[in-house]
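Single-structure report; data block below.
The numbers here are math on the coordinates, done by the rules we state, and not lab data. These numbers were taken from a predicted model, which means no experiment stands behind them. All Cβ positions, glycine included, derive from the backbone under ideal geometry; neighbour counts span all protein chains shown.
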Number of protein chains: 2
Amino acid sequence: MSELAVFPDPFEGTRPPTRRRGGLAEEVVLYIREQILTGALKPGTKIDQEALAAALDVSRSPIREALVILGQEGLLEIIPRRGAVVADLTPEDIVDHYELFGVVAGRAAAIAATTLSDEEINQLRAIHERFDDGTNDDLSALNWAFHRIINRTAPRRTRWLLRLLERSVPADYYEFTDGWDAQAVQHHAAILEAIADRDADEARRRMEHHLHESGVAAVAHLERQGFWEE
Amino acid sequence: MSELAVFPDPFEGTRPPTRRRGGLAEEVVLYIREQILTGALKPGTKIDQEALAAALDVSRSPIREALVILGQEGLLEIIPRRGAVVADLTPEDIVDHYELFGVVAGRAAAIAATTLSDEEINQLRAIHERFDDGTNDDLSALNWAFHRIINRTAPRRTRWLLRLLERSVPADYYEFTDGWDAQAVQHHAAILEAIADRDADEARRRMEHHLHESGVAAVAHLERQGFWEE
DNA sequence: ATATTTAATTTTGTATACAAAGGTCGTTTG
DNA sequence: CAAACGACCTTTGTATACAAAATTAAATAT
């Protein structure tokens, strides 16, 4: 059971998780969620359990568990005794979702401003600089690492809600396209500054602003992709 | 299929919903949630699907769907291939949860301050006055109606999140005991004033404060009930 | 006696089977 | 011809059956 020794990791435990095998239901969730968030499944479409089970070559048991999960996330509307329907997802919904993310992430940022150690703030700065200096790595991973450091000192339930909100929205599909990364760098700089200044209110405001703009960018991206066409 | 005619309703469509029949899974959810929130099921307790199914006289199918839902709510920890365990629920978790509710309800209050019609603000005031004047009705229903008017103008996803946060926390179990209602009246008055003044920021702050205090009250109540005993 | 493997048992995850509610379409009736 | 009724078909919800992983217990070795 020995593992290959590995060199020190510059991310120091703040890397996006490699997905842990759950079960078939989890795979079904990922599949349907992707279908919805890419626009392949349009709002109002009814989900036929049997057909989906046949298509994915599983039984209805994991299908049903997946539908329940997606119903809780608000991506499907579950109507008892008459099935699951893809929920509406208008530009307003997207912006609303990102702004909700904003108020929760803003809370986390406010907490971070008062609780992060100087050491952790330095980590944050280091990641931000790698993000900034153009010459770089996987922007998406660096972005993730930045927010991770801020969010991980938040109390448990806040972290839970952040994870929930993170899942049920387009993210990887639009991030860091069309110069959005340039905007994000500026936002991150402003957030970092407020946290380093220990200014909780300002950190919160700037994080809310960051996520509001993210929402606007996401909508713009989806519109360009023809998400709301025909 | 005729319904009995009924007199005009003073609540004008702002009454707590009478629960609509879903299915067995929903009943199981309600049962387990109550067990957890009343302290009958202690954190760390493993849920035996077969035993629970036998106890409630249903099969494992609705049980499993219920566990998935409660897992999404964060009340259970679902560990793949080894079952569901009652999640920790410390005083910090409760306060955290209420404060999360606060930032979301605060957002709703800020929106309400700019979007409610004068007519709706009058409704709000009317409900508040009935809440205030001691001589009254069902405090819990009036409280619900008050928040309902504020929340219903919020965008769809915000309303979704409010409903989610509302469910997974002790509420009926502690509300309006020990003079909490006196505090709540004052908070409501302050919130109403800010909304009537169209002061979004102040409405938000006061709503956040209201829910923070609610959390503190909930913890105090649970402590008196011996929720964290032995 | 303690630790480690291995066999037995329990428990989860998935598939299938059955019952009942919902939907459809043709027929009937006003 | 439109509305209403009813038989048929489809789809959901629940129960049961089966397979595989995990836990427990037993047995062997150190």
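Odds and ends about this structure:
- Mean ellipticity per residue at 222 nm, deg cm²/dmol - from DSSP H runs of n ≥ 4 across the protein assembly as shown, formula -39500 (n - 2.57): -20500 deg cm²/dmol
- Computed magnitude of the charge dipole of the protein assembly as shown (debye, nearest 20; Cβ of K, R +1, Cβ of D, E -1): 1340 debye
- Inter-centroid distance (Cα atoms) of the range A:191-216 relative to the range B:58-111, Å: 27 Å
- Inter-copy label distances at residue B:22, using a point 7 Å along Cα-to-Cβ, come to 1.7 nm with the shortest given first.
- Hull shadow area, averaged, the range A:68-117 [alpha-carbon convex hull, nm²]: 4.8 nm²
- Position residue A:133: other-copy label points at 7.1 nm, ordered by increasing distance, label point 7 Å along Cα→C-beta.
- A cut-off of 5 Å between modelled amide H atoms, ignoring neighbours fewer than 5 places along the same chain, links residue A:45 with A:86.
- The relative contact order of chain B, computed from alpha carbon pairs under 8 Å that lie at least 6 residues apart in sequence, is 26 percent.
- Label 7 Å beyond Cα on the Cβ vector: residue A:119 copy-to-copy distances, nm: 6.1
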